[in-house]
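**Q** Handing you a structure now.
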Amino acid sequence: MLSADRQLKASFHSELYNLIPEDHLLRKINEAVDFSFIYELVRPSYCEYYGRPANEPELLFRLLFLQYLYGLSDERMIQEAQVNLAYKWFLGLNPEDTLPDPSQLSRFRNHRLGASQINEILQVLVKQCVEEGLIKSKTLIVDATHTVASTQKKRPLDVLQEAAKRLVRAVLKKHPKLEKKLPRPPKCMQGDVDAAKVMLHYLAELGETVENLLPDHEGAISEKLKHAKQIVEDERLLANKGIMSAIDPDARFGWKSNTLSFFGYKEHVAMTEEEIITAIEVTGGSEDDGKQLPKLLEQTEKTGMKIEEVIGDTAYSGKDNLNLLASKDIQPIVPLNPIVHSGGMKQEGFTYNKDADFVICPTGEHSIRKAVQGKKKSGRSRSLVFYFDVEKCKTCPLREGCYKPGAKAKTYSIRMVAEHYQEHMRFEASTTFKERSKRRRIIEHKNAELKRFHGLTRAKYRGLFGMRIQAYLTAFVVNVKRMVKLIKQMQPAS
Ligand code: SF4
């Protein structure tokens with residue numbers, strides 16, 4: 001239940017707030033941003049008539065804001081706010097007031113902010129920027145950055161053992177009498193030949209037994225069962241691609257270059273030339289950057305910003321993206337990538353990674369070299385041919401229909417279709433294109449700020465849900481800092 005806005009009692013001690021310097025960052029932020037929007041945003045997640053009166057949402061949201069601004073844990077945030085005058089003033093408390101329990105912060109973050117549309121906090125802020133004239137540019141710069149999961153990439157045997165343990169634990173917690181009816185786990189050691197296969201069979205058998213014993217399963221059992229099934233059905237697991245962790249099932253394996261990989265998430269970011277982030281999409285680390293462009297445009301348009309130009313790298317030069325931008329009369333400043341813009345992959349399960357410049361097959365193996373087929377002057381379309389390691393193909397569980405037994409090579413070809421994009425290719429050679437492309441670099445500084453100063457290098461929580469909360473709150477904080485700077489720039493020099 002939400003209580004009516006709390007009125008501060010006059011306090012003799014509030015004189016102490018005069019000690020906070022006029023140019024303190026929190027004073028400037030308080031002046032620049034209207035935080036009261038949070039009350040309406042989280043209202044649907046509270047029961048109107050029942051429950052104890054809730055702490056004012058604005059107080060909790062301001063605490064979250066400070067937490068992300070200064071990189072503090074829940075407990076540390078409350079401890080610091082108890083003794084820091086500037087924090088208390090920013091929170092709208094009197095010096096002698098007490099702070100809520102740290103558990104309220106996580107409850108507010110997960111159940112109130114998480115339950116409503118977390119992306120709305122960013123939209124509301126960008127709307128404030130548009131209304132105050134802080135955003136004048138009609139350009140959107142797009143890019144992706146990555147965050148490493150808060151768990152290690154696991155070996156297949158670890159993933160299987162962990163998933164089995166969690167499922168058994170969830171079942172026995174609710175139905176302790178079923179212990180004897182569940183199959184016994186096999187004794188598998190890391191390094192045993194076929195240990196992972198034995199464990200995989202056990203997990204499949206365990207899942208079936210639980211489904212038979214508890215056909216109406218729900219809650220934690222359903223969740224663990226679903227996770228076990230996903231693991232059992234994942235063809236890439238035994239190929240040791242570590243695509244799934246039992247602890248963070250949403251994190252995925254991605255590539256930063258052809259030698260550097262990571263396990264975690266990607267944040268797809270859209271930003272204006274004034275360096276205000278207008279939209280963020282969070283996905284697993286393996287997702288394609290280009291596919292997120294329509295969502296980034298949609299989120300940005302909701303803020304009221306007019307977009308006339310999009311600047312991005314080759315990942316955004318897909319046929320669908322170029323057609324979408326043309327339909328909206330938006331100028332694409334994206335260099336064409338012959339592979340990306342030729343319209344995707346022919347064979348299901350194969351994907352092209354532009355950062356690493358290789359093709360990834362359904363088992364997670366990547367091509368080991370590439371070659372161009374056909375001469376430039378022959379007049380015929382040329383192809384890019386990607387070669388896979390045949391030794392791996394020979395023992396691959398998915399080789400049927402993909403690799404011909406005895407073949408000396410396994411290749412995947414992509415035709416370099418260029419004729420539809422002649423006009424764009426001519427534009428790409430122009431000075432305007434080259435000049436405007438240089439603006440793309442500013443988003444790299446923004447990504448660095450998100451990661452280096454506000455902790456987006458590593459996930460704080462597990463799962464896509466937590467990662468979205470982290471990404472949006474971080475972007476909110478970074479935007480507020482930028483707003484303060486833009487307001488200062490707009491003020492006449494004294
Ligand atoms: S046969 Fe080779 S290319 Fe095809 S899925 Fe298996 S490892 Fe990948």
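**Q** Along the charge dipole of the chain, pointing to its positive end and built from +1/-1 on Cβ of Lys, Arg, Asp and Glu, which listed residue (P44, L91, M199) has its Cα farthest out?
**A** My answer, from the dipole projection, is M199.
**Q** Follow-up question, since we're still on this one. Ignoring everything except DSSP H segments at least 4 long, calculate the 222 nm mean residue ellipticity for the chain; use -39,500 (n - 2.57) per segment, divide by total residues, nearest 500.
**A** Numbers: 17 runs with 194 residues, N = 494.
Mean residue ellipticity, 222 nm, calculated: -12000 deg cm²/dmol.
**Q** Could you list the square roots of 5 times each eigenvalue of the Cα gyration tensor of the chain, that is, the equivalent ellipsoid semi-axes, sorted largest first and rounded to whole Å? Write down the numbers at each step before the final one.
**A** Numbers: eigenvalues 385, 268, 57 Å².
Each semi-axis is √(5λ); the values are 44, 37, 17 Å.
**Q** Taking the Cα centre of the chain as origin, sum charge times position over the Cβ atoms of Lys and Arg (+1) and Asp and Glu (-1), and report the length of that vector in debye to the nearest 20.
**A** Charge dipole of the chain: 1980 debye, to the nearest 20.
**Q** Among the listed pairs K266/K328; K319/K434; K136/K256; K138/K328; K446/K485; K181/K229, which have their C-alpha atoms separated by more than 24 angstrom in this model?
**A** On the way: K266/K328 26 Å; K319/K434 21 Å; K136/K256 33 Å; K138/K328 13 Å; K446/K485 14 Å; K181/K229 20 Å.
Checking Cα-Cα distances, K266/K328; K136/K256 exceed 24 Å.
**Q** Next up: Calculated FRET efficiency, K488 and T259, Cβ-Cβ r, R0 45 Å, to nearest 0.05?
**A** On the way: r = 43 Å, r/R0 = 0.95.
That gives a FRET efficiency of 0.55.
**Q** Taking the Cα centre of region 156-233 as the origin, how large is its charge dipole in debye, to the nearest 20, when only Lys and Arg (+1) and Asp and Glu (-1) carry charge on their Cβ atoms?
**A** Values: 14 positive and 12 negative charges, 80 e Å.
So the dipole magnitude of region 156-233 works out to roughly 380 debye.
**Q** Straight distance only, please: which lysines reach the Cα of K88 with their own Cα at less than 18 Å, same-chain residues fewer than 8 apart left out?
**A** K9, K28
**Q** Could you give the dipole magnitude of region 12-116 about its Cα centre, charging the beta-carbon of Lys and Arg +1 and that of Asp and Glu -1, in debye to the nearest 20?
**A** Numbers: 10 positive and 15 negative charges, 76 e Å.
The calculation lands at about 360 debye.
**Q** Which aspartates and glutamates, if any, have their Cα less than 13 Å from the Cα of K127, not counting same-chain residues under 8 positions apart?
**A** Leaving aside aspartates and glutamates fewer than 8 places away in the same chain, those within reach of K127 are D34, E301.
**Q** Once R0 is set to 41 Å, what does the formula 1/(1 + (r/R0)^6) return for the Cβ-Cβ distance between N212 and Q117, expressed as a FRET efficiency to the nearest 0.05?
**A** Numbers: r = 40 Å, r/R0 = 0.97.
Computed FRET efficiency for N212 and Q117: 0.55.
**Q** Follow-up question, since we're still on this one. If you line up the Cα atoms of region 12-116 on their principal axes, what length do they span on each, largest first, in Å?
**A** Each principal axis gives a Cα extent; for region 12-116 these are 41, 29, 26 Å.
Just so you know, all these numbers are worked out from the coordinates, no wet-lab data involved. Just so it is clear, the model here is predicted, and its values are computed rather than measured. Cβ: placed from backbone, ideal geometry, glycine included. Neighbour counts: every protein chain shown.
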